[in-house]
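Notes follow the structure.
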Amino acid sequence: MVQSEVKKMFQERFSVVKDFGVRLGNVDFKNPSSEDKTMLTAKITKEEIRDVVWKCEGAKSLRSDEFNFSFIKNTLGFKARYCTSNGVF
C-alpha cells in the first residue's frame, strides 16, 4: 500500500506534460505577397553585405564574442584588397 502511494506520488510530480497549452484557434496568418516572396528568396550579393556592414557603427557587436563591426570592417577590407582579384570579397 505504501509503495503504491509513493510510486503514484512520484509519477504525478515527475511526469512529462506533453500539452504546452498553446492554442492558435482562429488566428489569421497573413501570407506574404508575391513581391515579398521574391524579395525574401532573392540572392544577397556581396556588395549588399558590404554596404550594410559599412553603415553599422564600429563599436557595436552582434554578440558578446568581442567581434564588433570595426573588426569585421577591417577583416573584410583586408580580404577585399588582398584576397580577391576584383576587389570584392
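Overview of results
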| item | result |
| --- | --- |
| Full-stretch length increase - Asp28, Asp51 - with 0.36 nm per residue and alpha-carbon distance subtracted | 4.6 nm |
| Neighbour-count ranking [beta-carbon atoms within 10 angstrom, fewest first] of Thr41, Thr75 | Thr41, Thr75 |
| DSSP-loop chymotrypsin sites (Phe, Trp or Tyr not before Pro) across segment 1-35, with at most 13 other Cβ within 10 angstrom | Phe14, Phe20, Phe29 |
| Net lengthening on full extension, Lys60/Phe20 (0.36 nm per residue, minus Cα-Cα) | 10.7 nm |
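Taken together, the values in this text are just the output of simple stated rules run on the coordinates, not laboratory data. None of the values given here were measured: they were computed from a predicted structure. Backbone-built Cβ (ideal geometry, glycine too); neighbour counts: all protein chains shown.
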